[in-house]
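Read the structure below first, then the notes.
The values are calculated or read from the model by the stated rules, or taken from the named source; none is laboratory data. From a predicted model like this one, the values you see are computed outputs, not experimental measurements. Reconstructed Cβ throughout: ideal geometry from the backbone, glycine too, with neighbour counts over all protein chains shown.
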Amino acid sequence: MHHLIIGAGPAGVRSAEMLRRLDPACEITLIDGEGEAPYSRMAIPYLLEGKIDEKGTWIHRPLEFYSEHRIALVRGRAEALDAAAKKVRLQDGTELAYDRLLVCTGARPIKPPVPGLEGERVRHCWTLEDARAIMEHAQPGSDVVLMGAGFIGCIILESLIRRGVKLTVVEVEDRMVPRMLDEVAGTMLKQWTERAGARVLTSTAVEEVEDTGSKLRVKLSSGETLPADLLVVATGVTSNIEFMDGTGVEKRAGIIVNARMETSLPDVWAAGDCAEGCDFSTGDLNTLAIQPVAVEQAITAAKNMAGGNAEYHCALPMNILDTAGLITTSFGRHEGVGGERAVLHNADEWRYIRLEFDEDTLVGAQTAGHVNMVGCIRGLIQSRIPLRGWKERLLKHPERVAEAYVDLAREA
């Protein structure tokens, strides 16, 4: 049995490990599209800060792990899939046959339609190659512009501040992390970031970038032009699924999968940022770009590829972000569903809680400055446990959510 896995990130590597454990005699091939040692993107900020070296980003050290576990690493990018013939063609023309295929191709950064977004000093912060270029140009005292203050941008932000650059953040929306935080929390995060030493321009777009040779000139919708030694673009990602065009696979923004992580094609599974599975909060399909979700999905797929009967049930949308020391979170239907809402805002102490209810259950939340209630909020939402008398108490005192969780869990 030959298991072919496209994508050598955490999802692909962990699925290969599981397949080797469950099927010691099988053949496993792992396709790496970047030509690097398999690594975790989530480690890149630590690399930029100097907390680890490049080897610290690797998923396994030493690299002999793969040969020792008979996992063949193949360099190349998938160009086309022939599902009928069970073959994957790489961009260099190599064809790889498989018995069972797992697609863990992840996502790639979106390049906005802005003139001048090219050159060595215009980078996404997505790959090790990007990280090397950022470390070269983001020297102490250099002018750096970060385009985008979404989730990815805010992960990068602290690393850039710690490198001692003069940082300007440009966000087209009216607040930071607009898909995760409301106006209050997003504005609080902006104020905190400015307190940490960055300049933050919201409701502002980058309209053009000009390379003068010595500097970049970043022209903004406000009419201002910023000098920059480096422009980091963090404006979202899109799934890497183009190589499956023409296969007839069911897909939307990602490849649609069921609870077994099976696609609509026979003997083809998908997991991670390229897959659309069930969203716990809505029951609809969604792509949840969260590394733990990607790994759990991939392990589920591997179990089924090895002949098991595993299911990965709906994932809860959840984001936890540390931006220069301020922890912000969002869970589930954090924007609300038209039910009652509890809010507590203490601007002086950098604390914010917003709880969203649907009748007698908690369905969403967002917080800023609170780290001791993350697991409790998640537990209340995922369990869908009736709050009973605790709902009225939480409407008045949302900071008691951890107490409510402990009490209700004990009674359940």
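Entry remark, the range 186-198: residues being β-branched (Val, Ile, Thr) and either out of contact with any Leu (no Cβ under 7 Å at 6 or more places or on another chain) or closer than 12 Å to Ala368 by Cα (or both) number 1 in total. Of Asp273, Asp322, Asp348, all but one fail to be of a type in the set (D, E, K, R), in contact with a helix residue (DSSP H, G or I) (Cβ under 8 Å, 6 or more places away or on another chain) and farther than 24 Å from Thr238 by Cβ; the exception is Asp322.
The rows are residues; the columns are (1) crowded, with 21+ Cβ neighbours inside 10 Å; (2) within 28 Å of the chain's Cα centre (by Cα); (3) farther than 30 Å from Ser159 by Cα; (4) in contact (Cβ under 8 Å) with a residue 60 or more places away in the chain.
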residue	(1), (2), (3), (4)
Tyr312	yes, yes, yes, no
Met318	yes, yes, no, yes
His334	yes, yes, no, yes
His397	no, no, yes, no
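The criterion of at least 1 residues that are within 27 Å of Val343 (Cβ to Cβ) is met, among helices (runs of 4 or more DSSP H) falling completely within the range 122-219, by 151-162, 183-195.
For the range 220-236, residues that are out of contact with any Ser or Thr (no Cβ under 7 Å at 6 or more places or on another chain) and either crowded, with 19+ Cβ neighbours inside 10 Å or in a loop (DSSP other than H, G, I, E, B) (or both) total 9. The set of residues in the range 166-185 being out of contact with any Leu (no Cβ under 8 Å at 6 or more places or on another chain) and surrounded by fewer than 23 Cβ atoms within 10 Å (Cβ to Cβ) consists of Lys166, Val172, Glu173, Asp174, Pro178, Arg179, Asp182, Glu183, Val184. From the list Thr323, Thr300, the one residue that fits, being crowded, with 18+ Cβ neighbours inside 10 Å, out of contact with any strand residue (DSSP E or B) (no Cβ under 8 Å at 6 or more places or on another chain) and free of Cβ contacts under 8 Å to residues at least 60 places away in the same chain, is Thr300.
I'd like to know if the range 327-334 contains one or more residues that are outside the structural domain of Pro178 (by TED's automatic domain parsing), part of a loop (DSSP other than H, G, I, E, B) and farther than 22 Å from Gly277 by Cα. There is no residue in the range 327-334 that is outside the structural domain of Pro178 (by TED's automatic domain parsing), part of a loop (DSSP other than H, G, I, E, B) and farther than 22 Å from Gly277 by Cα.
Considering the range 1-85, there are no qualifying strands (runs of 3 or more DSSP E) wholly inside with 2 or more residues that are at pLDDT below 95 and surrounded by 15 or more Cβ atoms within 10 Å (Cβ to Cβ).
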